[in-house]
Amino acid sequence: MEQQYGSNLNGSNLTVKRYESREPMGQAVAGDVAAEIQRQLERKPLVSVVFASAPSQLDFLRALRAKEGIPWERVVAFHLDEYIGLPAEAEQSFSAFLRKELFQYRQPRHFHQIDGLNDPADECRRYAQLLADTPLDIACIGIGENGHIAFNDPHVADFQDPAMIKPVELDEASRIQQVNDGCFPRLEDVPTRALTLTIPAILSASSIYCTVPGIRKSEAVRRTLTGEIDAACPASILRTASRCTLYLDRESASLLAE
């Protein structure tokens, strides 16, 4: 099923696609992202793609790595966020997640990793310059249980943020989600600080593909699509994006009207 949700800010539209379960949803996202990569490479030598790192993205990432014909040597990859103080080799590192699930199978031209051990201010300057040198074309993102996109939790989300990447203190709801997802055994094990691409950085991509499965995301999905466009639900800003597709399974769409 496909629906259009209009924005009350600028008249743009967000397309919503619903699927019975996670597997066909992931296959659909991978097909659409692969087609968009090819479309953009028809008019430019390289395409820049930013990826989310979360269990919610697994069906998409595994379907994407199975796709044949994507010229990965022309893809420059980024990721959305990283914990401060966590080495890249740590199992819970977001760059390690993407290397494990995607880049050990498909090698892009570059994978620019956020360094959680670097001084946060220095790392923000370094990564912002990389984003400026290769502006984002495609953003592959998710939505958190509290409505966050990347680590833009409600208390730090800024729709007019002047930065491309910034350090943030994590909302407890975000940290609890990491435990719920099985990434950490206990809340006290989850880092309290992270570096995150900002909302304007994500919205700068010409195409956004947002993958959101699971019952624990259903309320965030409802607020994203039918609530006010407000930082209390950061993902609601996606309704103002020039081109965004939201992919849901039956569980995450369960609070929406048919």
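The values are calculated or read from the model by the stated rules, or taken from the named source; none is laboratory data. The structure presented is a predicted model; accordingly, all values stated were derived computationally and were not measured. No Cβ is skipped: glycine too gets one built from the backbone with ideal geometry, and neighbour counts run over all protein chains shown.
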(request) Would you be able to say whether some residue in the range 213-227 is buried (at least 21 other Cβ atoms within 10 Å of the Cβ), touching a Leu at 6+ places or on another chain (Cβ under 6 Å) and touching a residue at least 40 places away in the same chain (Cβ under 8 Å)? (result) no
(message) Can you tell me which of (1) modelled with pLDDT of 95 or more; (2) within 20 Å of residue 143 (Cβ to Cβ); (3) of a type in the set (S, T, N, Q) is the one residue 12 doesn't meet?
(response) (1)
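How many of the residues making up the range 67-88 are β-branched (Val, Ile, Thr) and part of a loop (DSSP other than H, G, I, E, B)? Talk me through it step by step, then tell me what you get.
To start, the set of residues in the range 67-88 that are β-branched (Val, Ile, Thr) comprises 70, 75-76, 84.
Subset that is part of a loop (DSSP other than H, G, I, E, B): 70, 84.
Selection size over the range 67-88: 2.
Inspect the range 174-191 for any residue being in contact with a strand residue (DSSP E or B) (Cβ under 6 Å, 6 or more places away or on another chain) and under 27 Å from residue 111 (Cα atoms) and give the result as yes or no. Step through it out loud before you land on a result.
Taking the range 174-191 as the starting set, the residues that turn out to be in contact with a strand residue (DSSP E or B) (Cβ under 6 Å, 6 or more places away or on another chain) are 191.
Filter again for under 27 Å from residue 111 (Cα atoms), leaving 191.
Yes, some residue in the range 174-191 is in contact with a strand residue (DSSP E or B) (Cβ under 6 Å, 6 or more places away or on another chain) and under 27 Å from residue 111 (Cα atoms).
Which one is nearest to residue 179 (Cα to Cα), of the residues in the range 44-85 that are of a type in the set (Val, Ile, Thr) and touching a residue at least 60 places away in the same chain (Cβ under 8 Å)? Please lay out each step first, then the result.
Residues of the range 44-85 that are of a type in the set (Val, Ile, Thr), as a first pass: 47, 49-50, 70, 75-76, 84.
Now narrow it down to the ones that are touching a residue at least 60 places away in the same chain (Cβ under 8 Å): 47, 49-50, 84.
Values: 47: 34, 49: 27, 50: 24, 84: 17 Å.
By that ranking, first place goes to 84.
Out of 157, 205, 253, 232, I need the residue that is loosely packed, with under 15 Cβ neighbours inside 10 Å and of a type in the set (Gly, Ala, Ser). Which one? Lay out the reasoning, then the answer.
Working: 157 fails: loosely packed, with under 15 Cβ neighbours inside 10 Å; 205 fails: loosely packed, with under 15 Cβ neighbours inside 10 Å; 253 fails: loosely packed, with under 15 Cβ neighbours inside 10 Å.
Answer to the check: 232.
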(request) Please identify the pairs in which a residue from the range 86-98 that is in contact (Cβ under 8 Å) with a residue 12 or more places away in the chain has its Cβ atom under 8 Å from the Cβ atom of a residue that is assigned to a helix (DSSP H, G or I) and surrounded by 22 or more Cβ atoms within 10 Å (Cβ to Cβ), counting only partners at least 6 apart or on another chain. (result) 88/95; 98/61
(request) Would you mind finding the one in 48, 21 that is at pLDDT 95 or above, surrounded by 17 or more Cβ atoms within 10 Å (Cβ to Cβ) and either within 16 Å of the chain's Cα centre (by Cα) or closer than 22 Å to residue 224 by Cβ (or both)? (result) 48
(message) Every residue in the range 94-106 that is surrounded by fewer than 15 Cβ atoms within 10 Å (Cβ to Cβ) and part of a loop (DSSP other than H, G, I, E, B), please.
(response) 104, 105
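Within the range 238-247, is there a residue that is out of contact with any Leu (no Cβ under 7 Å at 6 or more places or on another chain), buried (at least 22 other Cβ atoms within 10 Å of the Cβ) and within 30 Å of residue 76 (Cβ to Cβ)?
Within the range 238-247 (the criterion being out of contact with any Leu (no Cβ under 7 Å at 6 or more places or on another chain), buried (at least 22 other Cβ atoms within 10 Å of the Cβ) and within 30 Å of residue 76 (Cβ to Cβ)), the answer is yes, since at least one residue qualifies.
Do you know which of the residues in the range 184-202 that are buried (at least 18 other Cβ atoms within 10 Å of the Cβ) and aliphatic (A, V, I, L, M) is modelled with the lowest pLDDT? Before the answer, list the steps.
Keep residues of the range 184-202 that are buried (at least 18 other Cβ atoms within 10 Å of the Cβ), which gives 190, 194-199, 201-202.
Then keep just the ones that are aliphatic (A, V, I, L, M); that gives 190, 194-195, 197, 199, 201-202.
Values: 190: 95, 194: 98, 195: 98, 197: 98, 199: 98, 201: 98, 202: 98.
Filtering the range 184-202 for residues that are buried (at least 18 other Cβ atoms within 10 Å of the Cβ) and aliphatic (A, V, I, L, M), the one modelled with the lowest pLDDT comes out as 190.
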(message) Among the numbered criteria (1) over 17 Å from residue 197 (Cα atoms); (2) assigned to a helix (DSSP H, G or I), which one does residue 91 miss?
(response) (2)
(request) Examine the range 51-66 for a residue that is assigned to a loop (DSSP other than H, G, I, E, B), surrounded by fewer than 16 Cβ atoms within 10 Å (Cβ to Cβ) and modelled with pLDDT of 95 or more, and state whether such a residue exists. (result) no
